[in-house]
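To keep things clear, I will list the structure first and then write my remarks on it.
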Amino acid sequence: MRRAWRPGAALVALLTAVGLAGLAPETAVAGRERSGTLSTAAAPSPALGAPVDYTVYLPYGYADAANAGTRYPVLYLLHGRGDTMQAWTRVKSDLDRLIADGEVPPVIAVLPDAPWSERGNWYVDSAYTGADRPGRPVETALTRDLVAHVDATYRTAAHRNARLVGGYSMGGAGALRYALAHQDLFANAMVLSPAVYRPLPPADSSAREFGAFGDGDRPFSDEVYQRLNYPALLPGLDPESPVRMFVAVGDDEWANPDPADAAHDLDYEAATLYNTVRRADGVAAEFRVLDGGHDWDVWRPAFVDGLKHLAATLSVTPPAGLPAPLHGTAGADWAGGVAAHPDGEVTLGYAASGGVAGQPYAGGLDAVVTRLAADRRTVRWTSQFGTPANDRLYGTVPLPDGGVLTAGYTRGDLDGRHPGSPADDAVVAKLTATGQRAWLTQAGDPAKADRFYAITTAPDGGAYVAGYTSGAFGGTSAGDKDAVLARIAPDGTLAWTRQFGGPGEDKAYAVAADANGVYVAGGTSGALPGATPLGGADGWLARFTPDGTRDWLTVAGGAGDDLLGGVTVTGAGEVVATGATAGDVLTVAYTAKGAQRWRTVTGGRGADAGTDVLALADGTLAVVGFTGSTLGVPAGGADVLTLRLDARGRQVAVAQYGTARDDAADPFGEENVYATVGPDGRPLVSGRTAGTPDGGAALGNGDVFLAAVDPAKGTP
């Protein structure tokens, strides 16, 4: 009797994200008897003037009527020197098992035969004209003619993110070249025991014998080899089309007895390759050393490990990008909040390293506030203010009269009443609906650093702001840094300030309020009074009454390092906070009395964090943050993350989006993304990106994006 297998929520979300959730139910049932098929065929090749023979693996269920509309990622697997397309057929059972067990999505595998140059063609276009083994345009035939034929013949997803090129030995060298020289075709590469040598092959290498790297009547040319080898390809990589590479080799590769050629042993060359490509802008590489030599005892387990590692990035659906236009300057800019207005207009806060829209630039980082029309492209007005030092915003919220409040810090004399200020001061400012600065308040300990990291509106048109102080700001210092909560009156004056903390570093990162209370969330490196430490750095959440009386405080997280960086109050009166625990997204919900209702942790192999949480009109929650994992369809380095949770904290959907570079995080790996709910109910997300948006251009070394997110899909 067979037992049906039901994928977990994380895999269901991943299959949904990559467009595979529509497969017939039997394709997601574990069972070793659920076998794919192998068949042989030929692809016409105008480049060769003769067909390319190949074996094709089609996954179980490919021919079923229920899957007639399903498209599949494709693996192109290149054999080694002297071998045939039959060599790779031994991994069929591995593919069957990996697919049946849900470890990889259903894939098509194409195993081309490469008989040219008496099977020592190195998968390149050869210029050798010798009568013994005349060169052939092998690279053109496989990368253009074969790929075009496969896409026309089978139900493939015909884009780079749905293709992987892999190979062993000579095929590993070919896979490496194809991934680097044809970024338009392949986003994933599996490079096993690659026969690559730098700067040139050793004297006894067969790479010198077969004419692959020949020129005219010379079977080998130093210049041709170096031009085609990977060191020459790396400088020309397009970082906006990143390649994810898995490199593996055995620890018992043949050791050349000639000391002069010892560095050409393939285990040595593979390590050199990895340590070279991992430093290349546009390559994300992993490296494995397995027990074994130059044979299938290494290549087969390496194939399984490599495919599991790369499978999640083999997405039928291309990654979702960020919309143009970006905002900022030619230098480095940081996001500083997003506010939505009832008429559909949006206000962005950010920090810019130059002048914006013709505004005067004071120096360092200036605070910038920009109002966008309802189309989110047309700029209504821009207000820029700053000092010769750094001035940065960390939150922007709307007012009923169309104005906005924004908060952050200055390292200079921003209000004209703090000359010679020796450290950061906290700042909060009001701008009118037309962009005029109504007031600005600069405050804090006169000699110590103070910053506001969060702001929310109060019922009277004032605000609550939260951050930290290194000195005395409304209280007595308890240690290194203390958390601060302050009430700002509608005219900008400080109504009251509360300072609290322990002997370590305590910071408030988020604040939310309703008519009955104020909620502050943050992180602590030590013990907060009245709370029991959990271990490492802890996240914490506190409730204050509207007059500033602390009602309760609780810590959240685990034994590792944790923090809470976003908080909201739901329509049901619950308070929900999000942040990170041990590198994963942590989301927790409490009653107004401080009793925990639920706790949800979401994450993968990389660093993941929640930075904002939104209560949506249908009772669900949207958690926004960043991810370095594969929780949806990866786009590049760090991606923007959106999670959809129901009222009980159960995951409804997960998605990630962004550019080929880091998004929603700064160069130091810290979050830099903000979110709010637009008047149409869609989350609006603004953050920092180091990449290029869809249909637009990057402005400089870090810009600010704005994206309206589809609540159902979680992507722009």
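Structure notes:
- Residues in segment 365-383 that are open to solvent by 30 Å² or more (accessible area, probe 1.4 Å) and over 26 Å from Pro679 (Cα atoms): there are none.
- Every condition in (1) closer than 29 Å to Asp694 by Cβ; (2) small (Gly, Ala, Ser); (3) in contact (Cβ under 8 Å) with a residue 60 or more places away in the chain; (4) outside any loop (DSSP other than H, G, I, E, B) holds for Gly408 except the one numbered (1).
- Scope segment 261-277; condition out of contact with any strand residue (DSSP E or B) (no Cβ under 9 Å at 6 or more places or on another chain), buried (at least 18 other Cβ atoms within 10 Å of the Cβ) and among the aliphatic types (A, V, I, L, M); matching residues: none
- Residue within segment 620-632 that is part of a strand (DSSP E or B), among the small types (Gly, Ala, Ser) and either open to solvent by less than 20 Å² (accessible area, probe 1.4 Å) or at pLDDT below 95 (or both) present: yes
- Residue in segment 558-566 that is part of a loop (DSSP other than H, G, I, E, B) and more than 24 Å from Thr642 (Cα to Cα) present: yes
- Residue within segment 358-375 that is farther than 25 Å from Gly681 by Cα and of a type in the set (Asp, Glu) present: yes
- Applying the criterion of being closer than 19 Å to Asp413 by Cα and assigned to a loop (DSSP other than H, G, I, E, B) to the residues of segment 360-381, the residue that is nearest to the chain's Cα centre (by Cα) is Leu365.
- Restricting attention to segment 544-554, the residues that are crowded, with 22+ Cβ neighbours inside 10 Å and under 18 Å from Thr587 (Cβ atoms) total 0.
- Looking at Ala660, Ala615, Ala665, Ala675, just one residue is open to solvent by 10 Å² or more (accessible area, probe 1.4 Å) and modelled with pLDDT under 95, and that residue is Ala660.
- For segment 180-227, the set of residues classified as of a type in the set (Lys, Arg) and buried (at least 16 other Cβ atoms within 10 Å of the Cβ) consists of Arg198, Arg208, listed by residue number.
- Residue ID - least open to solvent (accessible area, probe 1.4 Å), chosen from residues in segment 115-140 that are of a type in the set (D, E, K, R) and closer than 12 Å to Leu228 by Cβ: Glu139
- Looking only at residues in segment 241-260 that are surrounded by 15 or more Cβ atoms within 10 Å (Cβ to Cβ) and assigned to a loop (DSSP other than H, G, I, E, B), the one that is modelled with the lowest pLDDT is Asn256.
- The number of residues in segment 117-159 that are part of a loop (DSSP other than H, G, I, E, B) and either among the polar types (S, T, N, Q) or under 21 Å from Leu75 (Cα atoms) (or both) comes to 11.
- Identity of the residue in segment 421-463, open to solvent by 10 Å² or more (accessible area, probe 1.4 Å) and of a type in the set (Phe, Trp, Tyr), that ends up nearest to the chain's Cα centre (by Cα): Tyr453
- Count of segment 141-168 residues which are surrounded by fewer than 24 Cβ atoms within 10 Å (Cβ to Cβ), within 26 Å of Pro219 (Cβ to Cβ) and small (Gly, Ala, Ser): 0
- Residue in segment 316-327 that is part of a loop (DSSP other than H, G, I, E, B), over 21 Å from Val640 (Cβ atoms) and not aromatic (Phe, Trp, Tyr) present: no
- Those residues of segment 384-398 which are more than 28 Å from the chain's Cα centre (by Cα), buried (at least 19 other Cβ atoms within 10 Å of the Cβ) and over 16 Å from Trp334 (Cα atoms), in sequence order: Thr387, Pro398
- Set Gly412, Gly355: member being small (Gly, Ala, Ser) and open to solvent by 30 Å² or more (accessible area, probe 1.4 Å): Gly355
- Filtering segment 308-356 to residues that are of a type in the set (D, E, K, R) and within 22 Å of Pro388 (Cα to Cα) leaves only Asp333.
- For segment 165-186, taking the residues that are outside any helix (DSSP H, G or I) and among the hydrophobic types (A, V, I, L, M, F, W, C), the one that is farthest from Val249 (Cα to Cα) is identified as Leu185.
- Applying the condition of being small (Gly, Ala, Ser) and crowded, with 19+ Cβ neighbours inside 10 Å to segment 86-114 and asking which residue is modelled with the lowest pLDDT yields Gly102.
- Matching residues, segment 187-203, being part of a loop (DSSP other than H, G, I, E, B) and either under 15 Å from Tyr168 (Cβ atoms) or free of Cβ contacts under 8 Å to residues at least 12 places away in the same chain (or both): Ser193, Pro194, Ala195, Val196
- Subset of segment 477-516 (residues that are open to solvent by less than 60 Å² (accessible area, probe 1.4 Å), of a type in the set (A, V, I, L, M, F, W, C) and assigned to a strand (DSSP E or B)): Ala483, Val484, Leu485, Ala486, Ile488, Trp496, Phe500, Ala508, Ala510, Val511, Ala512, Ala513
The values are calculated or read from the model by the stated rules, or taken from the named source; none is laboratory data. None of the values given here were measured: they were computed from a predicted structure. Glycine gets a Cβ as well: all are built from the backbone with ideal geometry, and neighbour counts include every protein chain shown. We work out accessible area using only protein heavy atoms, side chains counted, and drop any ligands, DNA or RNA first. Shrake-Rupley method; radii C 1.70, N 1.55, O 1.52, S 1.80 Å.
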